[in-house]
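Report on the following structure.
The values are calculated or read from the model by the stated rules, or taken from the named source; none is laboratory data. These numbers were taken from a predicted model, which means no experiment stands behind them. No Cβ is skipped: glycine too gets one built from the backbone with ideal geometry, and neighbour counts run over all protein chains shown. For accessibility, only protein heavy atoms count, side chains too; no ligands or nucleic acids. Shrake-Rupley method; radii C 1.70, N 1.55, O 1.52, S 1.80 Å.
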Amino acid sequence: MAKGGPRNPMPKLPPEVRIRSFDEVALGFSEEQAIDEAERCLDCKNKPCVSGCPVNIDIPGFIKLIREGDPVAAARVIKRTNALPAICGRVCPQKEQCEKVCVLSKKGEAVAIGALERFAADREAELGSSGEQFRPENPELSKYSVAVVGSGPAGLTAASDLARMGYSVTIFEALHKTGGVLRYGIPEFRLPRHILDREVEYVRSLGVKILTDVVIGKAVGVKDLLREGFEAVFIGTGAGTPKFLGIPGENLSGIYSGNEWLTRINLMRAHESDYATPIKVPKRACVIGAGNTAMDCARTALRLGAREVTIVYRRGRAEMPARAEEIENAEEEGVKFQLLTNPKRFLGDQRGAVRAIECLKMELGEPDESGRRRPIPVPGSEFQIECDIVIVALGQNPNPLIRMTTPELKTEPWGGIIIDPRTGMTSIPGVFAGGDVVTGEATVIAAMGAGKVAAAGINNFIREKHNLDR
Amino acid sequence: MASQKQSSQGLQWPADCKLANIEPEHLRNIIVRKERLAPTVTLVEVRAPLVARAAKPGQFVIVWPHEKSERIPLTISEHNTEAGTITLVFQEVGRTTIELGEMEVGDEIASVAGPLGTPTEIDFYGSVVVVAGGVGAAIALPVAKALKEAGNKLVFILGARQRSLVILEDRIREISDQLIITTDDGSYGRKGLVTEPLQELLAEEKIDFVFTAGPLPMMKAVAQVTKPYGIKTVASLDAIMIDGTGMCGGCRVTVGGKTLFTCVDGPDFDAHLVDWEELQARKAFYFEEERSQLSTLSDHQQLGGE
Ligand SMILES: Cc1cc2nc3c(=O)[nH]c(=O)nc-3n(C[C@H](O)[C@H](O)[C@H](O)COP(=O)(O)OP(=O)(O)OC[C@H]3O[C@@H](n4cnc5c(N)ncnc54)[C@H](O)[C@@H]3O)c2cc1C
Ligand SMILES: Cc1cc2nc3c(=O)[nH]c(=O)nc-3n(C[C@H](O)[C@H](O)[C@H](O)COP(=O)(O)OP(=O)(O)OC[C@H]3O[C@@H](n4cnc5c(N)ncnc54)[C@H](O)[C@@H]3O)c2cc1C
Ligand code: SF4
Ligand code: SF4
Ligand code: FES
């Protein structure tokens, strides 16, 4: 394939096959496809694509190695700045990031950077790493310990960067498994568990210690960590608390938050018969919202065996915030869309379980603060949608546990931790934060970028404190 | 890092070791003691050093016995900071509690996370009554103890279906100024429900505070009895949970018209404001699924292991 030629499409499982299992939908490039795609890259001198990647991967550099038939070396280049390439290659909103600023995107055909990143990472794993031993930059630093709270993408990235520098790092994770949203939120058909496990293992192989089942703020206070031998703390606890509509009937049984629905399945494996956690298989499920979480919930409901799954969203098609690719996947799989529709209240049966949603039709008015046209209810347009399961997927706010138990920590009124954006430091000296807990729900790669900024900030902080030269 | 004792139960928590130096092995949740308190009620003392250091009355842990289990909340009935252990008392009502009851001293529980929830508000109220039913005795014990230590006069009303289900009687008697036991069938103590002696107490003397833990219908009945007297009444709710950290919203309850999360805002709530019917419906939602889980257990297990 010539430079700048047409883009290779990602091979996918056909919809009728994929809705019967949790197998990964996107199959990844073959060797030939990858090399062909890599040949499209123009190897631009000023590398515009790199500025679109929050962790500044040397994109033309790794693509060149794929082109030359050395994906293992390509993976090494990526891992210099991104410890989780197989994950990012799968879930990054590339169209809004690196691929958006690729020079070829002007013709609507950006290089498939994410797919190539995934290819390099997966090939490296298949071929087995060639036994290259990890050596920290400065082993002297190992006498300084850093605590990382949360094992989502922000925490894993901060931890791996610090470990690479030479620090002793301990991750504290509240749940019994690592990964944060990567584990309990994003379903297996988008991010298989063995890929996540593999990349977490890689972080461990850098010497990072992971302690699960430790709820910071409850078992140990944030400031206590500074008295327990840690020089600095990074808070990467994410945005875990689900938002609800606050309308009548919302606590009827059968109404789940997106987090609860996905956690029961992804973390607790409720859909597998030998696992104890229960789940209701819906006949007709309604998912409220149209972000990534909503698409994941809807597609998961289909795979559980729901006869009908409908996304209920108060704005129009163009306003749906989920990744375009996932909306398309959901549609292909048979998810229905009830747009310009807003729930008014939930109706229950005599057992206190939901049986229908009363909705109002909406019209789009002037653009609001978010730049999207504001939905306005149409008076008297009430109608009912019958359903036995409702999943409210409206997004999440930061979890209150750390805020409630750390009064000195300055936060926004909506709960986000306030930091100095250059260093990641919070209002408490030595305590840093980043990821969704600072920005509210964002993206995996943005959380990783924040983890990197904080790791650099922590490095400077510790060096200054101990008068080490830089 | 000094004095690491290596024992048959894995690495012991090194007393003067800082958190920065501990290893995952130090936090392994090994069962060190097990007692059967009643035919279907078991006590286990389990190592959970970080939980034991921080536990306060009214708090709970989320327990995940093994890879295929559910995550279930259990109250920290007692804790021993020095030994780094906590005591859990549970009734074997379904798959996870039955499987937990089968574990023996030396076994490792895959995960014990906590202490979770907002501790009970302990204060000097004056005269307090603690009303507990069944395994609620274990939930109420740490709260009752703290109320007594705060200087309150403590009457403990302990109810059970029958004599064999009366648990922790000696521990409770030790800390109470008065202990009243009731059984449904009259096989021990007074015959009848806990609300009867409560009713009489309220009619006789001034009671300043009531705490209740146990089966939902009992807590609801207690709230109905104290309401006309305007006595502050707190119930420890047992909503269905997963994470216990405010992440899933599955444990939400309506209290005074507001939606709250049991695991973060509770488990204690003003019993006069709780929407009991809604809580009951939410708790019963998985009834069929829970029944079918039982069929995965052997006949022996279904009998509660006795
Ligand atoms: C369903 C869903 C789908 C998504 N899909 C995409 C996608 O396709 N692409 C994309 O880029 N983004 C996606 N996102 C967003 C993305 O997952 C998040 O922005 C990202 O995970 C944030 O990372 P984080 O490290 O800040 O937090 P999290 O991933 O939330 O991790 C936080 C971790 O901290 C732990 N924790 C919390 N409190 C404590 C405590 N007190 N003590 C110890 N540990 C604690 C949590 O258990 C968790 O493991 C999705 C989000 C959801 C919910
Ligand atoms: C804060 C809190 C503290 C508790 N403390 C104790 C205690 O000290 N001792 C004790 O015996 N019990 C306690 N419980 C109740 C205990 O969690 C349940 O009995 C247990 O989860 C049952 O699980 P199972 O699989 O054995 O039974 P199942 O057959 O699954 O369920 C039996 C009943 O238990 C309830 N239940 C099921 N799953 C859960 C869950 N994940 N979370 C909460 N409830 C559930 C349901 O109402 C169900 O009807 C507490 C509950 C809460 C919320
Ligand atoms: S990490 Fe994400 S943004 Fe960066 S190059 Fe990879 S796909 Fe693009
Ligand atoms: S902008 Fe596009 S074409 Fe240019 S180097 Fe980056 S990926 Fe290659
Ligand atoms: S148990 Fe999940 S929010 Fe309370």
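Taken over the range A:90-103, the criterion of being open to solvent by 40 Å² or more (accessible area, probe 1.4 Å) and within 16 Å of ligand 1 (Cβ to nearest atom) is satisfied by A:Lys95, A:Glu96, A:Lys100. Looking at B:Ile72, B:Ile98, just one residue is over 21 Å from B:Ala55 (Cβ atoms) and more than 16 Å from ligand 3 (Cβ to nearest atom), and that residue is B:Ile98. Which residues, counting only those in the range A:33-51, are free of Cβ contacts under 8 Å to residues at least 60 places away in the same chain, open to solvent by 50 Å² or more (accessible area, probe 1.4 Å) and touching a Lys or Arg at 6+ places or on another chain (Cβ under 8 Å)? Result: A:Glu39, A:Asp43.
Okay, residues lined up against (1) within 16 Å of ligand 1 (Cβ to nearest atom); (2) open to solvent by less than 10 Å² (accessible area, probe 1.4 Å); (3) within 14 Å of another protein chain (Cβ to nearest Cβ); (4) part of a helix (DSSP H, G or I):
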site	(1), (2), (3), (4)
A:Cys53	yes, no, no, no
A:Ile57	yes, yes, no, no
A:Ile63	no, yes, no, yes
A:Ile66	no, yes, no, yes
A:Ala74	no, yes, no, yes
A:Val77	no, no, no, yes
A:Arg80	no, no, no, yes
A:Cys88	yes, yes, no, yes
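For the range A:113-223, the strands (runs of 3 or more DSSP E) that sit wholly inside it and include 1 or more residues that are surrounded by 22 or more Cβ atoms within 10 Å (Cβ to Cβ) are A:145-149, A:168-172. As a summary of the residue check, B:Thr262 satisfies the conditions (1) open to solvent by 10 Å² or more (accessible area, probe 1.4 Å); (2) over 15 Å from B:Val130 (Cα atoms) except for the one numbered (1). Taking strands (runs of 3 or more DSSP E) as the structural unit, those lying wholly within the range B:28-86 and holding at least 2 residues that are in contact with a Pro (Cβ under 7 Å, 6 or more places away or on another chain) and within 16 Å of ligand 1 (Cβ to nearest atom) correspond to B:60-64.
Only residues that are within 14 Å of chain B (Cβ to nearest Cβ), modelled with pLDDT under 95 and either within 16 Å of ligand 3 (Cβ to nearest atom) or assigned to a loop (DSSP other than H, G, I, E, B) (or both): list them for the range A:395-440, please. If the condition is that a residue be within 14 Å of chain B (Cβ to nearest Cβ), modelled with pLDDT under 95 and either within 16 Å of ligand 3 (Cβ to nearest atom) or assigned to a loop (DSSP other than H, G, I, E, B) (or both), then A:Gly395, A:Pro398, A:Asn399, A:Pro400, A:Gly415 are the ones that fit.
If the condition is being within 14 Å of chain B (Cβ to nearest Cβ) and open to solvent by 30 Å² or more (accessible area, probe 1.4 Å), then the range A:349-389 contributes A:Asp349, A:Gln350, A:Arg351, A:Arg355, A:Asp388. Could you say whether any residue in the range A:259-273 is touching a strand residue (DSSP E or B) at 6+ places or on another chain (Cβ under 6 Å) and within 13 Å of ligand 1 (Cβ to nearest atom)? Yes, some residue in the range A:259-273 is touching a strand residue (DSSP E or B) at 6+ places or on another chain (Cβ under 6 Å) and within 13 Å of ligand 1 (Cβ to nearest atom).
If you scan the range A:8-32, which residues turn out to be surrounded by 14 or more Cβ atoms within 10 Å (Cβ to Cβ) and more than 16 Å from ligand 4 (Cβ to nearest atom)? Within the range A:8-32, A:Met10, A:Lys12, A:Leu13, A:Pro15, A:Arg18, A:Ile19, A:Phe22, A:Glu24, A:Val25, A:Ala26, A:Gly28 qualify. Out of all the residues in the range B:154-172, which are closer than 17 Å to B:Met218 by Cα and assigned to a helix (DSSP H, G or I)? Residue satisfying the conditions is B:Leu165 alone.
Residues that are in contact (Cβ under 8 Å) with a residue 60 or more places away in the chain, farther than 26 Å from B:Val112 by Cβ and surrounded by fewer than 24 Cβ atoms within 10 Å (Cβ to Cβ) within the range B:218-250 comprise B:Met218, B:Lys232, listed in sequence order. Per the listing A:Ile247, A:Ile210, the residue uniquely in contact with a Lys or Arg (Cβ under 6 Å, 6 or more places away or on another chain) and within 11 Å of chain B (Cβ to nearest Cβ) is A:Ile247. Looking at B:Thr75, B:Thr42, B:Thr87, can you tell me which residue is within 16 Å of ligand 5 (Cβ to nearest atom) and more than 14 Å from every other protein chain (Cβ to nearest Cβ)? Sole residue among the options that is within 16 Å of ligand 5 (Cβ to nearest atom) and more than 14 Å from every other protein chain (Cβ to nearest Cβ): B:Thr75.
The residues on offer are B:Gln178, B:Gln224, and the sole one that is more than 21 Å from the chain's Cα centre (by Cα) and over 16 Å from B:Asn152 (Cα atoms) is B:Gln224.
In the range A:229-236, is there at least one residue being open to solvent by 20 Å² or more (accessible area, probe 1.4 Å) and either part of a loop (DSSP other than H, G, I, E, B) or free of Cβ contacts under 8 Å to residues at least 40 places away in the same chain (or both)? Checked against the condition, which is being open to solvent by 20 Å² or more (accessible area, probe 1.4 Å) and either part of a loop (DSSP other than H, G, I, E, B) or free of Cβ contacts under 8 Å to residues at least 40 places away in the same chain (or both), the range A:229-236 yields at least one hit. Among the conditions (1) open to solvent by 10 Å² or more (accessible area, probe 1.4 Å); (2) more than 19 Å from the chain's Cα centre (by Cα), the only one that B:Arg161 does not satisfy is (2). Name the single residue that is surrounded by the most Cβ atoms within 10 Å (Cβ to Cβ) among those in the range A:274-304 being out of contact with any helix residue (DSSP H, G or I) (no Cβ under 9 Å at 6 or more places or on another chain) and within 14 Å of chain B (Cβ to nearest Cβ). Residue satisfying both the conditions and the ranking: A:Tyr275. Within the range A:93-112, the set of residues being in a loop (DSSP other than H, G, I, E, B) and on the phi < 0 side of the Ramachandran plot comprises A:Pro93, A:Gln97, A:Cys102, A:Glu109, A:Ala110, A:Val111, A:Ala112.
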